[in-house]
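The values are calculated or read from the model by the stated rules, or taken from the named source; none is laboratory data. None of these values were measured; they are calculated from a predicted model. Here Cβ is always computed from backbone atoms with ideal geometry, including for glycine, and neighbour counts include all displayed protein chains. Side chains are part of the model used for accessible areas, which takes the heavy atoms of the whole protein and leaves out ligands, DNA and RNA. Shrake-Rupley method; radii C 1.70, N 1.55, O 1.52, S 1.80 Å.
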Amino acid sequence: MNADLEHASSTSYSPLPDSDNHRHPLSPERRRPITHLAGVFLSILLFSSLIALILNQHNQPHVYDSGTGKSSPVKTISRGVSQGVSEKSNIQLSSSDVEEIYPWTNAMLSWQRTGFHFQPPKNWMNGPLYHMGWYHLFYQYNPDAAVWGNITWGHAVSKDLIDWYHLPFAMIPDQWYDINGVWTGSATILPDGRIIMLYTGDTNEEVQVQNLAYPANLSDPLLLNWIKYPGNPVLVPPPGIGTKDFRDPTTAWLGPNGKWRVALGSKVNKTGITLVYETTDFTSYELLQEVMHGVPGTGMWECVDFYPVSTTESNGLDTSVNGPGVKHVLKSSLDDNKQDYYALGTYEPVSNKWTPDDPDLDVGIGLRVDYGKYYASKTFYDQNTKRRLLWGWIGETDSESADILKGWASVQTIPREVVFDKKTGTNVLQWPIKEVEKLRSKSSVYEKVRLEPGSLMPLDVGLATQLDILATFDIDVESVETSSVEADVGYNCSTSGGSSSRGAFGPFGLVVLGDESLIEQTPVYFYIAKGTDGLAHTYFCADQTKSSTASDVTKLIYGSSVPVLPEENYSMRLLVDHSIVESFGQGGRSVITSRVYPTKAIYSAAKVFLFNNATEVTVTANVNVYNMNSARIENFPQIFQL
């Protein structure tokens, strides 16, 4: 035990960001019919830690004055940390050299609102369950302001996880044990059909406790009313655990003794840990003696997730499944760096121990769920279609002042299906649920587009603010490995210089949300670096450094290395939805969520480009671009008139 626990044709350009030679977009070769794929989910969704914001007219700071043309200084207030949860403000921006907020116009701010990602009508925004034909999403919401605070449970329902209806609040912070916030929780559906909700409450003394709630009427398809258990809290921090280091219960699973088990995140000094409790009735609990797992140096673990994946089948598994052909994913959101990490391993239920397959890829030091702006994710098992589905929270990277101006902040990702990667055996794959494809409309297809070194190709796809793009790229990998080019051993997406930094074998990929002159652009690309072993090592990156001309925006380069097997080409899928870009590399081995705030590349001015900024290799691209309709997200008919 570690010490903490013991105690088509191309146009030339160079470089990509400065090109003017792209005035004639490539037209699609043919149109393909729309594919309508939909499924019905029957199961529970764990609570992903969303956050929804509400506009507070009385607490708005002075920002941009259209009369004087002057902006106020950028000032970011820390939110959440004093109550023992992760930072909810964009502190990274306040520590930069930005002095004033950008003079945003209503048109710019209105454009940022997404078309097919779930978000409330306004303000600061946990996860769904399935009941009597409806999916229920309960999300953390601030009814008072477009900043984190006064966390209440918003409630929405859906038939397909794409179109949503808003319902009245499910729970509000009105008891001593949750008066400072109804925080993250999870649902468990018992064999007899009862629904158990465990959630973290912040008490009147700012102590994190676990509480029980359940529907007032199981025969109500909309589950409009919820009862908080009179004996709450059902769990309090055990000896040795800080009062602000005890939160986010998981969905329960059955142990070998027939008792239910629930995991929570915590820490001992700087070691992040997972605590496990046993219960038979969800009102009384016993803490198992040993922690299920801990990793030194990773700090507080929150929004812990724990679930099985099949190593032989392509379907998901119920949370209680274990045995041959099964690995377990342990995931944690690291409070210290606001990133989600996961690892594959083996769970021994008798000893309640989880062991990573590769200690070098343990939780918090190895694989990330998403390499972009993404946090507090949770999965659920869809028992009808046998899928394991993942949700995550996309926070903001602009200034708090801009969020208050537009009146909302934060968005939910498109749900993703999660399976074990049987080809590599070392990671999971994430892919957008098939239901999102019902929003596809016009298809633009580009086949065998030859991209010479240093070339750029505009694509004529029409309105380019809501897109589903599938692209593959082919190069001669053998020429990379036999090349006399020196090894590129120091490559890293975040420190590489971005898409304009040219190497022998990359970058190449797509530019989305670019204006005509590429003053603004968001490139998503592959970069192939030759290792000292002579082999090609591939990186999947998203460059936001030129995504906006606004000054009060954090603009980073995200990404990671990604396995590309010998028989595979280079593939990516991009979901573009106004200020959100979700990028999936190599079938979802690596995923990057980008938050971008263009000021020029909006509405009809937004464009899509293919590019190859490599110096030594020609790339052949095949691209299918679908324009996407908006999802229907509105109030449930008649409910708000009662």
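Computed over the alpha-carbon atoms, region 119-432 gives an Rg to Rh ratio of 0.93, Rh here being the Kirkwood radius from the mean inverse distance. Phi-derived couplings, Karplus 6.51 cos²θ - 1.76 cosθ + 1.60 at θ = phi - 60°, listed residue by residue for region 412-428: 8, 5, 5, x, 10, 7, 10, 9, 6, 7, 5, 6, 8, x, 10, 7, 9 Hz, with x used for Gly and Pro. Taking 0.36 nm per residue of separation and subtracting the Cα-Cα distance, full extension of the segment from F636 to Q289 would add 120.3 nm. Between region 453-484 and region 310-369, what's the alpha-carbon centroid distance in Å? Value for the Cα centre distance between the two parts: 34 Å.
Over region 329-371, what is the relative contact order in percent, taking alpha-carbon pairs closer than 8 angstrom and at least six residues apart? Write out the running numbers ahead of the final one.
Working: 71 pairs, mean separation 16.8, N = 43.
Taking the mean separation of contacting Cα pairs over the length of region 329-371, I get 39 percent.
Give me the dipole magnitude in Debye, nearest 20, for region 119-432 about the Cα centre, with unit charges on the beta carbon: positive for Lys and Arg, negative for Asp and Glu.
Details: 24 positive and 36 negative charges, 108 e Å.
That gives region 119-432 a dipole magnitude of about 520 debye.
Think of region 119-432 as having a plus end and a minus end, set by charges on the Cβ of Lys, Arg, Asp and Glu; of H293, P230, N150, H293 sits farthest toward the positive end of this dipole. Remark: relative contact order (region 440-628) = 41 percent; criterion is Cα-Cα distance under 8 angstrom and separation of 6 or more residues. 3J(HN,Hα) along region 523-536, derived from phi through the Karplus expression 6.51 cos²θ - 1.76 cosθ + 1.60 where θ = phi - 60°, amounts to x, 10, 7, 9, 9, 9, 10, 7, x, 5, 7, x, 8, 7 Hz, with x in place of Gly and Pro.
Could you work out the relative contact order of region 270-348, using alpha carbon pairs under 8 angstrom and six or more residues apart, expressed as a whole percent? All intermediate terms of the calculation are to be shown ahead of the outcome.
Values: 144 pairs, mean separation 19.4, N = 79.
In percent, rounded to a whole number, it is 25.
Region 181-222 and region 515-577 have Cα centres spaced 40 Å apart. For region 349-486, the equivalent ellipsoid derived from the Cα gyration tensor has semi-axes of 31, 28, 19 Å, listed largest first.
Assuming charge only on the beta carbon of Lys and Arg (+1) and of Asp and Glu (-1), the dipole of region 421-578 about its Cα centre is about 340 debye to the nearest 20.
Ratio to report: Rg/Rh of region 572-642, with Cα atoms as the point set and Rh obtained by the Kirkwood method; give two decimals. Mind showing how you got there, number by number?
Working: Rg = 17.9 Å, Rh = 15.9 Å.
Taking Rh as the inverse mean 1/r over Cα pairs, Rg/Rh reads 1.13.
Amide H contacts for R387 (H built 1.01 Å from N in the peptide plane; partners 5 or more residues away or on another chain; cut-off under 5 Å): G316, D382. Below 18 Å, Cα to Cα, which lysines can K327 reach? Residues fewer than 8 away in the same chain don't count. Within the straight-line limit of under 18 Å, K327 reaches these lysines: K353, K378, K386, K422, K423. For T522, the residues 5 or more places off, or on other chains, whose built amide H falls under 5 Å of its own are V512, G514. Legend: P(r) of region 440-628 from all alpha carbon pair distances, 10 Å bins from 0, whole percents, reading 10, 40, 37, 12, 2. Within the full protein context, the accessible area of L463 is estimated at about 100 Å² for a probe radius of 1.4 Å. Farthest towards the positive end of the charge dipole of region 516-642, among the residues T554, L574, V617, is the Cα of T554, using unit charges on the Cβ of Lys, Arg, Asp and Glu. Each residue of region 343-349 was assigned a 3J(HN,Hα) from its phi angle through the Karplus expression (A = 6.51, B = -1.76, C = 1.60, θ = phi - 60°), giving 8, 8, x, 10, 10, 9, x Hz with x at Gly and Pro. Here the extension length gained between F169 and E206 equals 11.1 nm, from 0.36 nm per residue of separation less the Cα-Cα distance.
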